[in-house]
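Only one structure is covered here, and it is reproduced in the block below.
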Amino acid sequence: MAKMVPLPSRGMVPERDIGKAPILEATHLGIEFGGLKAVDDFDLTVGRTEIAGLIGPNGAGKTTVFNLLTKVYQPTSGTVLLDGKDTHGMSAIQVNKAGIARTFQNIRLFNNLTVEDNVKIGMHNHIKYNTISGILRLPKYWIEENRAHEKALSLLEIFDMQHLAEHKAGSLPYGAQRRLEIVRALATEPKLLLLDEPAAGMNPSETAELMDNIRKIRDTFNIAILLIEHDMRLVMGICEGIAVLNYGKIIAKGSPEEIQNNQTVIEAYLGKKKEG
Amino acid sequence: MKQAKMNRTTRSNLITYLMVIAFFVIFQILIATGNVSSLLKGQLVPICAYVVMAISLNLVVGVSGELSLGHAGFMSAGAFSGIVAAGYLQTMMESETLVLLIAMIIGGIVAAAAGVIVGVPILRLSGDYLAIVTLAFGQIIKSIVENLYVGYDANGLQFSMVKNTLELGEGGKMLITGPMGANGMATISTFTMGFVLIMVCLFVIFNLVNSKSGRAIMALRDNKIAAQSVGISSSKYKLLAFVVSAAMAGMAGVLFALNFTTVVASKFDFNTSILILVFVVLGGLGNMRGSIIAAALLTVLPELLRSFADYRMLVYAIFLILMMLATNNPKLKGFLQSISAKIKGAVGKGGEANG
């Protein structure tokens, strides 16, 4: 496990990422829904190749943070720097092109399409031919489609899913659907991958496998991963930096050991010990 | 693996192409040998036009997943611009086929332009709201054409939406006279051109659907938020499907209109839009072959039912209900499937025994 080192700014990144600009720097990020501050003054720094975790009790605002980072919602305050670039005013589409890809807590696949097509849709902006060459089947179409096919299969291989390529995405078992979402997100060639409860509904052996795969993805693609998860074994096992969110505010940040021993965190999850 | 899949989609598309070609060849032979009644013969071009309407609407409703109730509006926009183009071109050109071709292209372009104008603002809507606005669009087109006066003389084409008569010079001719529609047109549409149009539209739709753009359109249908999260522009691809569909409807409109000597705007009203939607729903959403069969059958049916005289529409309605039951009832579907499985099993066993 890499040692966490504080940056001159407010964030921390793993030791190996020092000297490289962090991939994500969110400062004072917040959103209000009609007076209710769902997320408030949220700060987070994610290193270039860090696996970071975002945890907190139900309703703490974790998924809202993801929605702010990916511009499903526009933040009402604060800034997000992605790879040093301000994402202010970007749409969900632009932010994806800039390098953030995500999965969803409630799985959102293209159910009526095949597994391979789902991955190819992820590669959409990296397949270079226009609609006219597609309709007229110009040579460019065949070259790019063949390349896309090979690439899609090699991405599916990460989770050993090549044999499912022809199946409808909606017909896959739950765990496979979650894995397919990750593959689809990876197909967009992100610099930062956001995983929203990747282990939800998985059994312990599947979760263990997922942990290996998340590490493998980070090492193969050299990207940063930020994940939301309730399975503490997974979080403590693979995350280098962890941020804890409660009632829309960060209540603690640090390495897994620091978080495990943090009194505020324990109170947030288990409640306060009675005095006396 | 990939090979198998390529073959499956390609084979399915190939069957559809072959079906249309077979339909064309059979009717050509029947016509040549004089075995087609004049009634049915008169239906051939309208069938082609409705088939194109059905597959183009299926692109919007089935592939793109947006309900459009104004498809006849695009047909109308194409039809009347095609009438003007054809009427004007006939003074200059001999070849009827060339006139029809140019008229169809112009009709397609006008309808596509209408598609862009309507599509840009309304494709921000979805579901029922989109349906209501497209419905209104169909009515607007109808009203515009009913107030449109177009004629030509030595000075060229003349338009008016205010005066109900145009002061045309000597040798001038009215092409569209408001609510009276277009009269005295030369009927230059042919079954062959209808067939060619169907084939071209099928080619465009199949190739579009099996390309990057088609996948983007279907991704937006299945899950818009997820599609945007992987960088697919919702407005761009929804508009693409809408405009391609509108252009095809425009061309079908030209084919349809130039098959008659008289066409009025009310021919392309809400009822026509619904009729085309019925073709699509009965044929199956996203299923082009189904749309073609449904459009062809349901266009011919009212003519075939003439012997029922007063009860014609009653029988038509019963037929529609039965067809809907047959295509959508799970019990009936299961029953039909079990029968076909038994037949296949029997054939398979027979084959084994013989082998």
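A few points about this structure:
- Taking one quarter of the surface of the convex hull spanned by the alpha-carbon atoms of the range B:170-293 gives a direction-averaged projected area of 10.3 nm².
- The candidates B:M218, B:M313, arranged from most to least accessible area with a 1.4 Å probe in the full protein assembly, appear as B:M313, B:M218.
- Mean Kyte hydropathy of -1.0 or more with a Cα span along the axis of at least 24 Å, helices from DSSP in chain A: A:139-156, A:204-221
- With respect to chain B, whose longest principal axis is taken over its alpha-carbon atoms, helix B:330-354 is tilted by about 60°.
- Chain A - share of DSSP beta bridges that are antiparallel (%, nearest 5): 60
- Calculated SAXS-style log₁₀ I(q)/I(0) at q = 0.19 Å⁻¹ - the range B:141-235, Debye, Cα scatterers: -0.87
- Of A:K168/A:K191; A:K37/A:K71; A:K71/A:K151; A:K168/A:K216; A:K97/A:K168; A:K62/A:K216, pairs whose Cα-Cα distance is over 21 Å: A:K168/A:K191; A:K71/A:K151; A:K168/A:K216; A:K97/A:K168; A:K62/A:K216
- The largest accessible area among A:V39, B:V204 belongs to the first residue in B:V204, A:V39, and the rest follow in falling order (1.4 Å probe, all chains).
- Charge-dipole axis of the range B:2-310 as Lys and Arg at +1 and Asp and Glu at -1 on Cβ define it, positive-most pick from B:F268, B:V230, B:A112: B:V230
- When Rg and the Kirkwood radius Rh are both evaluated on Cα atoms of the range B:62-197, their ratio Rg/Rh stands at 1.03.
- Charge dipole (debye, nearest 20) of the range A:128-208; +1 at Cβ of Lys and Arg, -1 at Cβ of Asp and Glu: 380
- Here the Karplus curve 6.51 cos²θ - 1.76 cosθ + 1.60, taken at θ = phi - 60°, turns the phi angles of the range B:275-282 into couplings of 4, 5, 5, 4, 4, 5, 5, 5 Hz, with x standing for Gly and Pro.
- Unit Cα scatterers, Debye sum, the range A:137-274: log10 I(q)/I(0) for q = 0.16, 0.21 Å⁻¹: -0.92, -1.32
- A Förster radius of 41 Å, combined with the Cβ-Cβ distance separating A:K216 from B:Y316, puts the computed FRET efficiency at roughly 0.10.
- Taking label positions 7 Å along the Cα-Cβ direction at both B:A136 and A:L270, the computed distance is 6.1 nm, reported to one decimal.
- Hits among lysines - C-alpha to C-alpha of B:K344 under 21 Å, sequence gap 8 or more where chains match: B:K331, B:K333
- Each Lys and Arg adds +1 at its Cβ and each Asp and Glu adds -1 at its Cβ; summed about the Cα centre, the protein assembly as shown shows a dipole of about 880 debye.
- Ordering A:I251, B:S76, A:M161 by the projection of their Cα atoms onto the charge dipole of the protein assembly as shown, which places +1 on the Cβ of Lys and Arg and -1 on the Cβ of Asp and Glu, puts A:M161 at the extreme positive end.
- Kirkwood Rh in Å, taken over all unlike Cα pairs in the range B:139-196: 12.8
- Taking the C-alpha atoms only, the angle from helix B:212-222 to the longest principal axis of chain B is near 80 degrees.
- Area of A:H28 that stays accessible when all protein chains are in place (1.4 Å probe, Å², to 10): 90
- The average projected area of the range A:208-250, computed from the convex hull of its Cα atoms over all directions, is 3.4 nm².
- Reach of B:K342 by Cα under 16 Å, taken over aspartates and glutamates that are not fewer than 8 positions away in the same chain: B:E352
- The protein assembly as shown: radius of gyration over Cα atoms, expressed as a fraction of 2.2 N^0.38 Å: 1.19
- Measure of compaction for chain B (Cα Rg per 2.2 N^0.38 Å): 1.08
- DSSP beta bridge pairing in the protein assembly as shown, given as percent antiparallel to the nearest 5: 65
- Rounded to the nearest 20, the Cβ-based charge dipole of the range A:166-276 about its Cα centre (Lys and Arg +1, Asp and Glu -1) stands at 220 debye.
- Where only alpha carbons of the range A:1-105 are counted, the Rg and the Dmax (Å): 13.8, 42
- Summary value for chain B: 29 percent relative contact order, contacts being C-alpha pairs under 8 angstrom separated by 6+ residues.
- Straight-distance candidates among the lysines for linking to B:K173, with alpha-carbon spacing under 23 Å and chain neighbours fewer than 8 residues away dropped: B:K142, B:K163, B:K267.
- Working from label points 7 Å from Cα in the Cα-to-Cβ sense, the B:N329 to B:L297 distance is 1.4 nm.
- Computed over chain A, the ratio Rg/Rh where both radii use C-alpha atoms and Rh is Kirkwood: 0.99
- The value for the range B:222-355 of Rg(Cα) / (2.2 N^0.38 Å) is 1.50.
- Across the range A:63-154, Cα-Cα pairs more than 22 Å apart make up 45 percent of the total.
- For chain B, the longest principal axis of the Cα atoms and the long axis of helix B:127-146 meet at an angle of about 30 degrees.
- Simple label model, 7 Å out from Cα along Cβ direction - B:T192 to B:T165, nm: 4.3
- Residue order for A:D219, A:D86, A:D40 - accessible surface, 1.4 angstrom probe, largest first: A:D219, A:D86, A:D40
- Projecting the Cα positions of B:F319, B:M161, A:N118 onto the charge dipole of the protein assembly as shown (unit charges on Cβ atoms of Lys, Arg, Asp and Glu, taken about the Cα centre) puts B:F319 furthest along the positive direction.
- Placed amide H near A:L194: partners under 5 Å, 5+ positions off or other chain: A:A101, A:R102, A:T103, A:L226
- Calculated mean residue ellipticity, 222 nm, the protein assembly as shown: -18000 deg cm²/dmol, from DSSP H runs (n ≥ 4) at -39500 (n - 2.57) each, averaged per residue and rounded to 500.
The values are calculated or read from the model by the stated rules, or taken from the named source; none is laboratory data. Everything quoted here is computed from the prediction, not taken from an experiment. Using ideal geometry, Cβ is built from the backbone for each residue, glycine included, and neighbour counts are taken over all protein chains shown. Surface accessibility is based on the protein's heavy atoms, side chains included, excluding ligands, DNA and RNA. Shrake-Rupley method; radii C 1.70, N 1.55, O 1.52, S 1.80 Å.
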